[in-house]
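Undergrad: First, the structure itself, so that you have it in front of you.
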Amino acid sequence: MAAVQWRSRERRYEAELQSCRLEAVPVEFGDYHPLKAITVTDTKSRRGTRKGSTSSSSSSSSSVVPDPLSSMLDGTDPLSMFAAASAVETPALSHSCSAGELGRKKREKEDDVVGTDFEPWSSKRGEILARFTTTEKLSINLCMGSDKGKAPSPGNSAVSEKVRTRLEELDDLEEGSQRELLNLSQQDYVNRIEELNQSLKEAWSSDQKVKALKIVIQCSKLLSDTSVIQFYPSKFVLITDILDTFGRLVYDRIWTMCSEPHPLPDTFSAEDVNDTAKETCLNWFFKIASIRELVPRLYVEAAILKCNRFLNKAGIQETLPRLTAMIRGIGDPLVAVYARAYLCRVGMEVAPQLKDSLNRNFFDLLGTFRQIHGDSVQNQLVLQRVEVPVYLTLYSPAINWILQCVSYRAPDPLLTEMMERCKKLGNNALLLNSVMWAFRAEFVAARATDFITMIKDCDEAGFPKHLLFGSLGRSLACADPPEAERLPILNEAWKVVTKVRSPQDYINCAEIWVEFTCRHFTKREVNTVLADIIKHMTPDRAFEDAYPQLQSVIRKILTYFNDFSVLFSMERFLPFLDMFQKDSVRVEVCRAIMDVFIKHQLEATRDPVILNALLHVCKTMHDSVNALTLEDEKRSLATLINGFIRMVSFGRDFEQQLSFYVEARASFCNLEPVLIQLIHSVNQLAMETRRVMKGSHSRKTAAFVRACAAPPPPTW
């Protein structure tokens, strides 16, 4: 019987591996939602061998082990339904774009980024903390949970054990031990929040990620509390600092997981992210989606919004509209507007090119604006004894920021539409104030007359009109209105400003309009403004509480009036200087005047008005010197005084010149550099006298030189 030889058939392992692999299909962000069941689609393709034949495919869908969060729910989760609805409202990006369209979109994305002309949030933080303060007692109610949730041992890989441990940790986020800190002063509250921020960093560095998430969730819950409503803007700043820290930590952790073996480029895509990093990123979104309360869930997800870049290309674009719509579920209008402000802030940092979500936040704000004047808000104000104008100012930082984001590089038609929408609302003074504050100065200046008409139509009881004119004045200080409208604008504004009774409110508004007056009008109008300021600030020595604003007025006048003959011809300028009666402030003002004189006075002067005024100014600086004055300060003052002395010339009137030096010698005897300058000037005068008048005054001049050389007795 012939032997049978068995031969193994030839195997093509690579081809078999490719035929058995699942086909990668684009996954919409909705499929990543943590509360949806997980399904895997297996698509098998049969490839024909004939040239020109078309391939046919059959697909089958099978459910794998559902997500543990989904298995705990009955019916359809409302968040999943909303995500699906958002997907319908927001069409997905077409995958059939031509190369030209993709290139155009890429160029638009590169061009549409935040530049240096956009004022960052960090520049507003200190102002908000300083402005919105309270003397009321504050409280912090924390529910930090227990430490019973522990990770399973490495040997225990059962799915049920992992699910149980995960759910216990997530439940423990909100069902732990209560800890309430009562009767905290504002500084104690700030210190406690700073301690929580530090605890977050320490928990993260010690690999206690669940504890870090607990801290962030509980801090976010504090933003639902408006029991001390005047402090809410400052509380928002403090809490969002913690959220920003958490967002950076999560993003940096996932970035680090993607850096092996090679670091990710700055312009990475989801395809560059490894599976481990994606799984970790999804895990964070799963945990956040399990937070029961709306406000902390919204804030924490917004804090890690940037992490969507690790999952898919369109994640951020699809998440922003969903989070924007979630804010509609917040009942308190103050809490809602600050939630919108935070979402806009994160959106500008992560995806500034996505303008639609920014615009939607603003128009949603308009839709709910009437809630501010609703019964529930009014009852809350009565309980906390807060006046309506004070309450409305609490909205300003948030609305200003939202409008700044929306109006950044926005076309004029969009700004005009927003302006018209605000005009149609009743009680719109708050919105109008933010529009003038946030819109481009050129846009506001070109329509200044229209804005004045809108201001006149506003209700004085709801929002003071002088604040509205103050916001208008800030824009007009940066951009010029039409020339024919400038005088009517100033007249309309000053009619309101001069009627303000509170000295502090008055000077805050008047100081803004001084620049507009100096910029476009003559000394006559400026002198009228100075007279009005003196009239309002002199009674009860109100000027003592307004030195910063009064100094700002002086700086603005000196900026636009460099001709000191014009400056000192204003009748009310020197009486205005008399209001600076605090020594340190008076010296600062005198230094500012002399700095401008030395910088802009190009020719020597003998004008008696200028000489008498500046001698008084320099004498004020000189008299501030005492035994404790530092040498650097003495040299600085002497330099200014010497600069003034060098700019005084009486020409051939040597007697008058010598008399000026005599007066200067008596006035500035405590500054040695000034005496040296006087000796040098007198010597030059003596030489000139001998040359021109053949020594007729040499004896008097020589006597003065000897007197200057003698050491002066100290006057302090």
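The values are calculated or read from the model by the stated rules, or taken from the named source; none is laboratory data. No experiment lies behind these values; they were computed from the predicted model shown. Cβ sites come from the backbone with ideal geometry, for glycine too, and all protein chains shown count toward neighbours. To get the accessible areas, we keep the full protein, side chains included, count just its heavy atoms, and leave off ligands, DNA and RNA. Shrake-Rupley method; radii C 1.70, N 1.55, O 1.52, S 1.80 Å.
Undergrad: Identify, from the list Ser199, Ser259, Ser227, the residue that is among the hydroxyl-bearing types (Ser, Thr, Tyr), open to solvent by 30 Å² or more (accessible area, probe 1.4 Å), touching a residue at least 12 places away in the same chain (Cβ under 8 Å) and in a loop (DSSP other than H, G, I, E, B).
TA: Every option except Ser227 fails the conditions.
Undergrad: Something else about it: Take the conditions assigned to a helix (DSSP H, G or I) and open to solvent by less than 20 Å² (accessible area, probe 1.4 Å) and apply them to Ala484. Does it pass?
TA: No: the conditions fail for Ala484.
Undergrad: Residues in the range 599-619 that are within 40 Å of the chain's Cα centre (by Cα) and more than 17 Å from Tyr661 (Cα to Cα): how many?
TA: Adding up the residues that qualify gives 3.
Undergrad: Would you be able to say whether some residue in the range 574-595 is open to solvent by 20 Å² or more (accessible area, probe 1.4 Å) and more than 27 Å from Phe543 (Cα to Cα)?
TA: no
Undergrad: Select from the range 431-455 the residues that are open to solvent by less than 30 Å² (accessible area, probe 1.4 Å) and under 21 Å from Lys495 (Cα atoms) and list them in ascending order.
TA: The answer is Leu432, Asn433, Met436, Val444, Ala445, Ala448, Phe451, Ile452, Met454, Ile455.
Undergrad: Return the residues of the range 431-464 that are within 20 Å of Arg370 (Cα to Cα), part of a helix (DSSP H, G or I) and under 25 Å from the mean Cα position of the chain (by Cα); say none if nothing qualifies.
TA: Leu431, Leu432, Asn433, Ser434, Val435
Undergrad: Considering only residues of the range 351-392 that are closer than 22 Å to Phe118 by Cα and part of a loop (DSSP other than H, G, I, E, B), which is most open to solvent (accessible area, probe 1.4 Å)?
TA: Looking at the filtered set, the residue picked out is Gln353.
Undergrad: Here is a follow-up. State the number of residues belonging to the range 605-638 that are among the β-branched types (Val, Ile, Thr), buried (at least 18 other Cβ atoms within 10 Å of the Cβ) and part of a helix (DSSP H, G or I).
TA: 3
Undergrad: Can I ask one more? Restricting attention to the range 393-418, report how many residues are open to solvent by 10 Å² or more (accessible area, probe 1.4 Å), of a type outside the set (D, E, K, R) and assigned to a helix (DSSP H, G or I).
TA: 7
Undergrad: Taking the condition modelled with pLDDT under 90 and assigned to a helix (DSSP H, G or I), does Arg309 pass?
TA: yes
Undergrad: Quick check on this structure: which one of Val496, Val500, Val514 is under 32 Å from the mean Cα position of the chain (by Cα), at pLDDT below 95 and open to solvent by less than 30 Å² (accessible area, probe 1.4 Å)?
TA: Checking each option against the conditions leaves just Val500.
Undergrad: While we're on this one: Do we have any residue at all in the range 502-517 that's in contact with a Phe, Trp or Tyr (Cβ under 6 Å, 6 or more places away or on another chain), under 26 Å from Glu387 (Cβ atoms) and hydroxyl-bearing (Ser, Thr, Tyr)?
TA: no
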